[in-house]
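The values are calculated or read from the model by the stated rules, or taken from the named source; none is laboratory data. Worth saying up front: this structure is predicted, and the values here are computed from it rather than measured. Here the Cβ positions follow ideal geometry from the backbone for every residue, glycine too, while neighbour counts run over all protein chains shown. Accessible surface is based on the protein model in full, side chains and every heavy atom, while ligands, DNA and RNA are left aside. Shrake-Rupley method; radii C 1.70, N 1.55, O 1.52, S 1.80 Å.
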Amino acid sequence: MDNLQVTSFANINLKDPFFDSLRANYDGFDDWFNKKASSGAKALVYYNDAALLDFLYVKEENEALQLDGVTLPPKKRLKVGTFKIERRGTNRGERFMKRILDIAIIHDFPEVYVTMFDDTDELMHLRQFFERYGFVEVGRKSHANGRSESVLLRDMTSHVGDMVKDYPFVDRTQGNKYLLAIRPEYHTKLFPDSILRTEHYEILQDVSPTNSINKIYICWMEGARQLKQGDKIIIYRTSDGMGPAKYRSVATSVCTVSDIKTINDFSNVDEFVQYTHRYSIFGESELRQWFREKPNFIVIKMLYNLAFQKKVIRQAIIDSANVPSEERWGVMPLTEAQFNHILTLGNADGRYIIY
């Protein structure tokens, strides 16, 4: 079962060692936490075997933002009040970043900001993580103890032309468009936000590729070799065999290609495993076997932008989007019109789309 949950501050153990570093960095942390508990505030937390590993608290603000030497005018902003991931080397930070940016888009926040100290290696790592996803320093806030926090802000109303800094927005004016077929057993694990109502959440384990912004899929379809960075992909879950394919095969989501690799891009199997294992749904032994026995693979690394609000059945793609049924739907090129029409059929949230 998924141990990511929204819970009240009052139900979280403030004495948990998880909070020791926050307590050390922020004077009055306990008082702040207790006030939040008294007010009924909630946080997004992640537990593993009853151990608290991750914590995220966000809130809406509408007042002016006071910085050293400058004041940003009042505006509706989403503040990332507290954000901590217990350890590096996992993809759970991406999972929380996706939640932050999804909240900002869905609830129409024009800006998101976070304040953080950045005077240790660990804190600088956190700062760089936010900067990777488009946050930029707009000022600092000094404290009486001589330390100062960086104030990092993401403008959700403008775009810089970088697929990661602009994430999760989809620039549909850039790149070629494709449909990528994925078998049901792989689709369910790789794209849990796109799960079908006939599937069960209980089969999903809390594994890193399930939680991540980045996805890696490995296939042997020759058409995948033509994919390039920036291309847009409509993910197509093939039939589960429980009915006619024209009703059971569905388009579910949109991704952006960030990298394509073949065996020639890896000097050895260890390098291949290191690159693929973190973001793929395949086990290490399976990856090693493929490297040795099926070396004509193509590795597709993607950014997972958004899930459709309505799954689009194969029949609708054929009839309404005019995608030919006689072609093999593996890695299939789409025209701009076909791509845009499938977005429309899927009720893709227009707030995620750059026109």
**OP:** For segment 90-142, just say rounded, prolate or oblate: build the C-alpha gyration tensor, square-root its eigenvalues into a ≥ b ≥ c, call rounded for a/c under 1.5, and beyond that prolate if a/b exceeds b/c, oblate if not.
**Re:** oblate
Subject >> Computed log₁₀ I(q)/I(0) - Debye formula, equal Cα scatterers, no solvent, the chain, q 0.06 Å⁻¹ >> reply: -0.25
Original post:
Do any GluC sites (Glu not before Pro) in segment 264-293 lie in a DSSP loop with no more than 16 other beta carbon atoms within 10 Å, and if so, which?
Top reply: none
Subject >> Carbon/sulfur fraction of accessible area - segment 214-289, other protein chains in place, 1.4 Å, % >> reply: 46 percent
Subject >> Ellipticity estimate at 222 nm from DSSP helix runs (n ≥ 4, -39,500 (n - 2.57)) divided over the chain, nearest 500 >> reply: -7500 deg cm²/dmol
Original post:
Could you give the accessible area per residue of the chain, probe 1.4 Å, as a whole number in Å²?
Top reply: 47 Å²
Original post:
Taking 0.36 nm per intervening residue step and subtracting the Cα-Cα distance, what contour gain separates GLU185 from SER158 on full extension?
Top reply: 6.0 nm
Subject >> GNM result for the chain, Cα springs below 10 Å: residue of MET97, MET124, MET156 fluctuating most strongly >> reply: MET124
Original post:
Long-range amide H contacts for ASP259: which residues qualify at under 5 Å (H placed 1.01 Å from N, peptide plane, sequence gap of 5 or more or a different chain)?
Top reply: LYS301
